[in-house]
Amino acid sequence: MPAKAPIKKAPAKAPQTKAPAAPEPVPEAPAAAPEVPAPPPETLAADVAAPVAEVPAPVAEEATPVAEVPAPAAEVPAPAAEVPAPAPQPEVPEAPKQEPPSAPKDLTVDDVDDTSLSLKWKAPDQEGTAALDGYLVEYQKEGSNDWIAVNKEPSVSSRYKITDLNTGDKITVRVTAVSKAGSSPPTTLENFVQVREIVDRPKIRLPRYLRQTFVKHVGEAVNLVIPFQGKPRPQVHWFRDGQPLDPKRASVRNSDSDTIIFIRNAERKDSGTYEVVVQIDSLDDKAKFEIKIAERPGPPKSVTLVDSWGFNAALQWTPPLDDGNSEITGYTIQKSDKKTGEWFTVLEHYHQTNCTVSDLIIGNSYFFRVFSENLCGLSEKATVTKDCALIKKTGITYTTPEYKEKDFGEAPKFTQQLSNRSSTTGYSTKLFCCVRGSPKPKIVWMKNQMEIREDPKYRSLVNHGVCSLEIRKPSTFDGGVYTCKAINPLGEATVDCRLDIKAPPQ
């Protein structure tokens, strides 16, 4: 039994190991024990006590005594070769080093007004070894080296609004991420920010009626209101034809939300291209519109009687020298019988500069005149033909038969009644009726049984039995019952109608 001698020596070396000082690795000794049960059956009795004596050997750092026992290695070659060297014991790890979070990213100004500043940023890329507690915000005024803390407790949101600031101050802000591991490097705004109202981009809201040429008559007032938006209050500049507006010709009044241009007595020289510019610092908006100050045009330059044949006469004329600063929209042609001298309209709103007048009476002579027309109305005067158009009779000789004189006297009688009408405030309207009678009856107009006398609001005309009453720019007060009375020595007749004046819809 040579194998028993080394077994007795093993307990002598066991006290040299200091494994019991490290209690944690002791449980790992049994882990090596399962690898030893390979010896053959003849050595089983001798090996039963060996593991008990060798338990501390793997725990110690010096495991060489096990390798120095030669007898067991000779008797059991195979198991000795399979037993691996004990694994080195793991070192006790040191406590991990605490790492603070990285700096917040993309610090920007979200909003600013006269007493506060709103900020936003993104969370740091690395939160460190501890959970992020929040952010601390500080600001510094321009010209000062002191940082003023805004929040004492960390804010968990990536947005923050600094309040109670002084208007006009310029400040910069820095944000620091905070956790139990420490604070991150601060992230600071690149530039100082002035505490003032946020700049709302200036924008002009041009009214729809100014998107086409705005026309006014000479002598009328021009009063235009153009709204705009912008914060702080934009600066407003006016120009006409590229030049600054003359304050002697136009007055400008500006408010926080609109600008008003006012011309008391418009003249033709006030026409042109007007431009309004609203500006905040380097931001601006522009709007242009046309104003045309027009008046009635002059009469055509000349009217010529080109020819006359049968029942017709041909006329030709040239456009007026003065168009009243507005495009000529048409012409009105009238004829006059030389016998009566009364003028009758033949054509209205006629666009060409030549025409043929038909349905003339044989044997009569006619003069013609032409009015020009633009946006303001007809020219005050007309151009009359120098020559008279004589409608010659045919060669047939006609003998007038003799007739007994007949009494054509007749009491007035209305052949066309007045019709009830409805109009809108501010729009002129006319009432029409037709009467006959001999001798020619006198026409009297009444409103609500009260005779209408020399009132400039009303204009009464009678042409060949057609009676008309024009009511200029009526108001709701002008509504009522209107009566037309025709009187001659043989009698009288009346006809009436109702006129309603409505206010325009709002």
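The values are calculated or read from the model by the stated rules, or taken from the named source; none is laboratory data. Everything quoted here is computed from the prediction, not taken from an experiment. Here Cβ is always computed from backbone atoms with ideal geometry, including for glycine, and neighbour counts include all displayed protein chains. Just the protein is used for accessible areas: all its heavy atoms, side chains included, with ligands, DNA and RNA removed. Shrake-Rupley method; radii C 1.70, N 1.55, O 1.52, S 1.80 Å.
Results, tabulated for the structure shown:
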| read-out | value |
| --- | --- |
| Pairs, first over 15 Å from Ser158 (Cβ atoms) in segment 114-130, second assigned to a strand (DSSP E or B) and open to solvent by 20 Å² or more (accessible area, probe 1.4 Å), C-beta under 6 Å, six or more apart | Ser116/Lys161 |
| Meets criteria (part of a strand (DSSP E or B) and loosely packed, with under 15 Cβ neighbours inside 10 Å) for Thr356 | yes |
| Filter result (farther than 14 Å from Asp111 by Cα and part of a strand (DSSP E or B)) within segment 173-200 | Arg174, Val175, Thr176, Ala177, Val178, Ser179, Gly182, Ser183, Thr187, Thr188 |
| Single unsatisfied condition, Ile261 versus (1) part of a strand (DSSP E or B); (2) open to solvent by less than 50 Å² (accessible area, probe 1.4 Å); (3) over 30 Å from Pro297 (Cα atoms); (4) hydrophobic (A, V, I, L, M, F, W, C) | (3) |
| Top-ranked residue in segment 364-380 [being over 22 Å from Glu327 (Cα atoms) and open to solvent by less than 30 Å² (accessible area, probe 1.4 Å); ranked as modelled with the lowest pLDDT] | Asn364 |
| So Arg201, is it within 22 Å of His237 (Cα to Cα), open to solvent by 30 Å² or more (accessible area, probe 1.4 Å) and at pLDDT 90 or above | no |
| Hits in segment 430-484 - residues which are farther than 28 Å from Ala503 by Cα, surrounded by 14 or more Cβ atoms within 10 Å (Cβ to Cβ) and of a type in the set (A, V, I, L, M) | Val435, Ile443, Val444, Val462 |
| Residue tally, condition in contact (Cβ under 8 Å) with a residue 24 or more places away in the chain and on the phi > 0 side of the Ramachandran plot, over segment 438-469 | 3 |
| Filtered residue count, segment 297-325, keeping only those that are in contact (Cβ under 8 Å) with a residue 12 or more places away in the chain and assigned to a strand (DSSP E or B) | 11 |
| Tabulated pairs, segment 470-485, first within 14 Å of Thr429 (Cα to Cα) and without any contact (Cβ under 8 Å) to a residue 60 or more places away in the chain, second open to solvent by 10 Å² or more (accessible area, probe 1.4 Å) and hydrophobic (A, V, I, L, M, F, W, C), C-beta under 6 angstrom, 6+ apart or interchain | Pro474/Ile501; Thr476/Ile501; Asp478/Ile501; Gly479/Ile501 |
| Unique residue being of a type in the set (Ser, Thr, Tyr) and assigned to a strand (DSSP E or B) when the list is Thr340, Thr332 | Thr332 |
| Residues satisfying the stated conditions in segment 432-457, i.e. closer than 18 Å to Ser419 by Cα and of a type outside the set (Lys, Arg) | Phe432, Cys433, Cys434, Val435, Ile443, Val444, Trp445, Met446, Asn448, Gln449 |
| Residue list for segment 115-126, restricted to those being part of a loop (DSSP other than H, G, I, E, B), under 19 Å from Phe192 (Cβ atoms) and open to solvent by less than 60 Å² (accessible area, probe 1.4 Å) | Ser116 |
| Residue match in segment 235-256 (condition: loosely packed, with under 13 Cβ neighbours inside 10 Å, under 30 Å from Thr163 (Cα atoms) and not aromatic (Phe, Trp, Tyr)) | yes |
| Test set (1) in contact with an Asp or Glu (Cβ under 8 Å, 6 or more places away or on another chain); (2) open to solvent by 60 Å² or more (accessible area, probe 1.4 Å) - Gln417 fails condition number | (1) |
| Any chance Thr383 is of a type outside the set (Phe, Trp, Tyr), crowded, with 18+ Cβ neighbours inside 10 Å and farther than 27 Å from Asp270 by Cα | yes |
| Qualifying residue in segment 402-419 (condition: within 30 Å of Pro505 (Cα to Cα) and either aliphatic (A, V, I, L, M) or not in a loop (DSSP other than H, G, I, E, B) (or both)) | yes |
| One residue from Val195, Val225, Val215 being touching a Leu at 6+ places or on another chain (Cβ under 6 Å) and open to solvent by 30 Å² or more (accessible area, probe 1.4 Å) | Val215 |
